[in-house]
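A.B. asks: My questions all concern the structure below.
What follows is calculated from the coordinates using simple rules that are stated; it is not laboratory data. On a predicted model such as this, the values are computed, not experimentally measured, just so you know. Here the Cβ positions follow ideal geometry from the backbone for every residue, glycine too, while neighbour counts run over all protein chains shown.
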Amino acid sequence: MSRPSWDEYFMQVAFVVATRATCPRRSVGAVIVLDKRILATGYNGAPRGLAHCTEVGCHLVAGHCIRALHAEQNAILQAAMNGVSTRGATVYVTCQPCNHCAKMIINAGIERVVFQGDYPDEFALELFAEAGIALDRFVDGRIEPVDLTPYMPKR
């Protein structure tokens, strides 16, 4: 029996976390890790104590559900609520973060993003490039660094 790499392990955890998602449009999980230790987890769903999409339906605006917070947002907020610093951490996400989550990841001091699935948001890639965030795609059990050079700001 071979042990998974740390990246494989934390991505597997992110996929388990995604099973708790309560917005039927997409099940996403996020795990924030520092020094091989899990700091916080999050999945997409309604704010704490409020009705979930699975109970009352999605609230769609411009094709997006605005009832649910994203997995990355919930993980960052969980860390904040518990007084846990995310500075220098890595976030493992089951799909590429959107630009709103990218901004939160940058301001939370997270230095590396590992993701598996796609999300059509090139502006998020521009934000990661400008902030110097390491972005890695998890493909078939291995890490492929994302070339952010085409997204670097032109000055």
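A.B. asks: Give Glu122, Glu111 a once-over and let me know the one that is free of Cβ contacts under 8 Å to residues at least 60 places away in the same chain, in contact with a Phe, Trp or Tyr (Cβ under 8 Å, 6 or more places away or on another chain), acidic (Asp, Glu) and more than 16 Å from Asn74 (Cβ to Cβ). Spell out the reasoning first.
C.D. replies: Numbers: Glu111 fails: in contact with a Phe, Trp or Tyr (Cβ under 8 Å, 6 or more places away or on another chain).
Glu122 is the lone residue from the list that is free of Cβ contacts under 8 Å to residues at least 60 places away in the same chain, in contact with a Phe, Trp or Tyr (Cβ under 8 Å, 6 or more places away or on another chain), acidic (Asp, Glu) and more than 16 Å from Asn74 (Cβ to Cβ).
A.B. asks: Hey, among Leu125, Leu135, which residue is farther than 22 Å from Trp6 by Cβ, touching a helix residue (DSSP H, G or I) at 6+ places or on another chain (Cβ under 8 Å) and not in a loop (DSSP other than H, G, I, E, B)?
C.D. replies: Working: Leu135 fails: farther than 22 Å from Trp6 by Cβ.
Residue meeting the stated conditions: Leu125.
A.B. asks: Now, a different point. Could you please find all residues in segment 1-40 being touching a residue at least 40 places away in the same chain (Cβ under 8 Å), part of a helix (DSSP H, G or I) and either within 19 Å of Ala134 (Cα to Cα) or of a type in the set (D, E, K, R) (or both)?
C.D. replies: Matches in segment 1-40: Asp7, Glu8, Phe10, Met11, Ala14.
A.B. asks: Let me ask something additional. What do you reckon, is Gly49 over 13 Å from the mean Cα position of the chain (by Cα), assigned to a loop (DSSP other than H, G, I, E, B) and either within 30 Å of Pro150 (Cα to Cα) or of a type in the set (A, V, I, L, M) (or both)?
C.D. replies: Values: over 13 Å from the mean Cα position of the chain (by Cα): yes; assigned to a loop (DSSP other than H, G, I, E, B): yes; either within 30 Å of Pro150 (Cα to Cα) or of a type in the set (A, V, I, L, M) (or both): no.
The answer is no for Gly49.
A.B. asks: Let me ask you something else. So in segment 105-152, with the set limited to residues that are among the aromatic types (Phe, Trp, Tyr) and surrounded by 15 or more Cβ atoms within 10 Å (Cβ to Cβ), which one is farthest from the chain's Cα centre (by Cα)? Explain how you work it out, then say what you get.
C.D. replies: Residues of segment 105-152 among the aromatic types (Phe, Trp, Tyr): 115, 119, 123, 128, 138, 151.
From what's left, surrounded by 15 or more Cβ atoms within 10 Å (Cβ to Cβ): 115, 119, 128, 138, 151.
Working: Phe115: 7, Tyr119: 11, Phe128: 13, Phe138: 13, Tyr151: 19 Å.
It comes out as Tyr151.
A.B. asks: Here is a check on your reading of the model: is Val114 under 16 Å from Ile32 (Cβ atoms), in contact with a Cys (Cβ under 9 Å, 6 or more places away or on another chain) and outside any loop (DSSP other than H, G, I, E, B)?
C.D. replies: Numbers: under 16 Å from Ile32 (Cβ atoms): yes; in contact with a Cys (Cβ under 9 Å, 6 or more places away or on another chain): no; outside any loop (DSSP other than H, G, I, E, B): yes.
Spelling it out, it is not the case that Val114 is under 16 Å from Ile32 (Cβ atoms), in contact with a Cys (Cβ under 9 Å, 6 or more places away or on another chain) and outside any loop (DSSP other than H, G, I, E, B).
Residue-by-condition table, conditions (1) buried (at least 22 other Cβ atoms within 10 Å of the Cβ); (2) closer than 19 Å to Cys101 by Cβ; (3) touching a Phe, Trp or Tyr at 6+ places or on another chain (Cβ under 6 Å):
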position: Ser5; (1), (2), (3): no, no, no
position: Arg25; (1), (2), (3): no, yes, no
position: Val28; (1), (2), (3): yes, yes, no
position: Thr54; (1), (2), (3): no, no, no
position: His64; (1), (2), (3): no, yes, no
position: Ala71; (1), (2), (3): yes, yes, yes
position: Leu77; (1), (2), (3): no, yes, no
position: Arg87; (1), (2), (3): no, yes, no
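A.B. asks: Can you pull out the residues in segment 89-108 that are β-branched (Val, Ile, Thr) and either over 20 Å from Asn74 (Cα atoms) or in a helix (DSSP H, G or I) (or both)? Quick ask: steps written out before the conclusion?
C.D. replies: Narrowing segment 89-108 to residues β-branched (Val, Ile, Thr): 90-91, 93-94, 105-106.
Matches in segment 89-108: Ile105, Ile106.
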